[in-house]
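Shown next, in structure tokens, is the structure this report addresses.
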Amino acid sequence: MKIAILGAMPEEISPLLEKLQNYEKINYANNSYYLAQYKKHELILAYSKIGKVNSTLSASIMIEKFKAETLLFTGVAGAFNPNLKIGDLLVANKLCQYDLDITAFGHPLGFVPGNEVFVKTDEKLNALAKEVANELGVKLHEGIIATGDEFICDEVKKSKIREVFNADACEMEGASVALVCEALKVPCFILRAMSDEAGEKAEFDFDEFVVKSAQTSAEFVLKICDKL
Ligand code: 4EH
């Protein structure tokens, strides 16, 4: 199967490129895409660069140009749920855009006409992830991710987003990627390992833990490929 593996930052994808070694690099649309063979699968990998717009572009290209049949996102996130500790893995069962705001017209935060507040991910992939986690003996959390174009490092902002959407974690790409996949009918899986807690010391925690957490997530995603 042709599988897209997408991250946002180099740290989120380089562990996989190092492992695969033999890959072809294709420059397209101000970014690089990497083609590799992994067991019986053809992989297309990329780091989109940060944010909803960049991740929308990359996910669309991986599906429309490179013909990915399923998309796995791997990366890090800021934990909202106090049960989630740095390094823990979270699979998003649904995601929202917390910064999509036409509340001035009486709409709920995160809603625009024609879409819903939450976009779901693929249940079969999420179930497969649970199987993988059980086999490896690692804890895998499942929950809601709130996406927006801001690095959250503020207790007040964190509480507000958590309250409105009941979100377990925040990041800057997941909801846009899931929306592209839903529109183009490609199964979508969004995995994040916690790098920080999105509070006052988030930027310091992030710098300390991004590499390790990104690697944890990347390794898990490759285990999913083994099962596809
Ligand atoms: O791709 C962006 C990265 C942070 S910005 C979103 N990623 C990491 C997930 C994430 C996150 N998002 C929002 C982890 N913690 C988050 C948080 N809020 N608290 C970045 C970081 N370092 C260098 C450049 N940009």
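The values are calculated or read from the model by the stated rules, or taken from the named source; none is laboratory data. Since we're looking at a predicted model, the values are computed, not measured. Glycine gets a Cβ as well: all are built from the backbone with ideal geometry, and neighbour counts include every protein chain shown. With ligands, DNA and RNA removed, areas are computed over all heavy atoms of the protein, side chains included. Shrake-Rupley method; radii C 1.70, N 1.55, O 1.52, S 1.80 Å.
Exactly one condition in (1) open to solvent by less than 70 Å² (accessible area, probe 1.4 Å); (2) more than 16 Å from the ligand (Cβ to nearest atom); (3) not in a helix (DSSP H, G or I); (4) not β-branched (V, I, T) is false for C181; which is it?
(3)
On the given criteria, is A79 open to solvent by less than 20 Å² (accessible area, probe 1.4 Å) and touching a Phe, Trp or Tyr at 6+ places or on another chain (Cβ under 9 Å)?
Criteria not met by A79.
Can you find a residue that is closer than 15 Å to S48 by Cα, modelled with pLDDT of 95 or more and crowded, with 19+ Cβ neighbours inside 10 Å anywhere in region 159-168?
Taking every residue of region 159-168 in turn, none turns out to be closer than 15 Å to S48 by Cα, modelled with pLDDT of 95 or more and crowded, with 19+ Cβ neighbours inside 10 Å.
Which of the residues spanning region 192-228 are outside any helix (DSSP H, G or I) and more than 12 Å from the ligand (Cβ to nearest atom)?
L228
Take region 98-154 and flag every residue that is touching a Pro at 6+ places or on another chain (Cβ under 9 Å), in a loop (DSSP other than H, G, I, E, B) and surrounded by 14 or more Cβ atoms within 10 Å (Cβ to Cβ).
Matches in region 98-154: H107, V117, T121, D122.
Taking into account only those residues within region 191-221 that are over 14 Å from G75 (Cβ atoms) and touching a residue at least 60 places away in the same chain (Cβ under 8 Å), which is surrounded by the most Cβ atoms within 10 Å (Cβ to Cβ)?
It comes out as A198.
Give region 22-37 a look and list any residue that's within 14 Å of K2 (Cβ to Cβ) and within 21 Å of the chain's Cα centre (by Cα), or say none.
Those that are within 14 Å of K2 (Cβ to Cβ) and within 21 Å of the chain's Cα centre (by Cα): Y33, Y34, L35, A36.
Could you list, in sequence order, the residues of region 111-129 that are among the aliphatic types (A, V, I, L, M) and out of contact with any Phe, Trp or Tyr (no Cβ under 9 Å at 6 or more places or on another chain)?
Within region 111-129, V112, V119, A127 meet the criteria.
Within region 47-75, restricting attention to residues that are of a type in the set (D, E, K, R) and touching a residue at least 40 places away in the same chain (Cβ under 8 Å), which residue is most open to solvent (accessible area, probe 1.4 Å)? Quick ask: steps written out before the conclusion?
From region 47-75, those of a type in the set (D, E, K, R) are 49, 52, 64-65, 67, 69; that's our starting set.
Add one more test, that the residue is touching a residue at least 40 places away in the same chain (Cβ under 8 Å), and what stays is 49, 52, 64, 67, 69.
Values: K49: 82, K52: 24, E64: 111, K67: 128, E69: 101 Å².
This residue is K67.
Taking region 75-97, which residues are more than 12 Å from the ligand (Cβ to nearest atom) and either in a strand (DSSP E or B) or in contact with a Cys (Cβ under 6 Å, 6 or more places away or on another chain) (or both)?
L89, V91, A92, N93, K94, L95, C96, Q97
Does region 101-115 contain at least one residue that is touching a residue at least 12 places away in the same chain (Cβ under 8 Å), under 27 Å from P187 (Cβ atoms) and within 13 Å of the ligand (Cβ to nearest atom)?
So the first thing to find is which residues in region 101-115 are touching a residue at least 12 places away in the same chain (Cβ under 8 Å), and the list is 109-110, 112, 115.
Remaining after also requiring under 27 Å from P187 (Cβ atoms): 110, 112, 115.
Keeping just the survivors that are within 13 Å of the ligand (Cβ to nearest atom) gives none.
No: zero hits.
Within the set of pairs 6+ apart or on separate chains, which have a first residue in region 149-177 that is in contact (Cβ under 8 Å) with a residue 40 or more places away in the chain and of a type in the set (A, V, I, L, M, F, W, C), a second that is near the ligand (Cβ under 9 Å from one of its atoms) and assigned to a helix (DSSP H, G or I), and C-beta atoms under 7 Å apart?
I152/K158; I152/A202; C153/A202; C153/E203; V177/S55
Hey, can you tell me all the residues within region 30-74 that are part of a loop (DSSP other than H, G, I, E, B), at negative phi and not polar (S, T, N, Q)?
K40, I50, K65, F66, A68, E69
Yes or no: region 28-46 includes at least one residue that is within 12 Å of the ligand (Cβ to nearest atom) and open to solvent by less than 40 Å² (accessible area, probe 1.4 Å).
No, region 28-46 contains no residue that is within 12 Å of the ligand (Cβ to nearest atom) and open to solvent by less than 40 Å² (accessible area, probe 1.4 Å).
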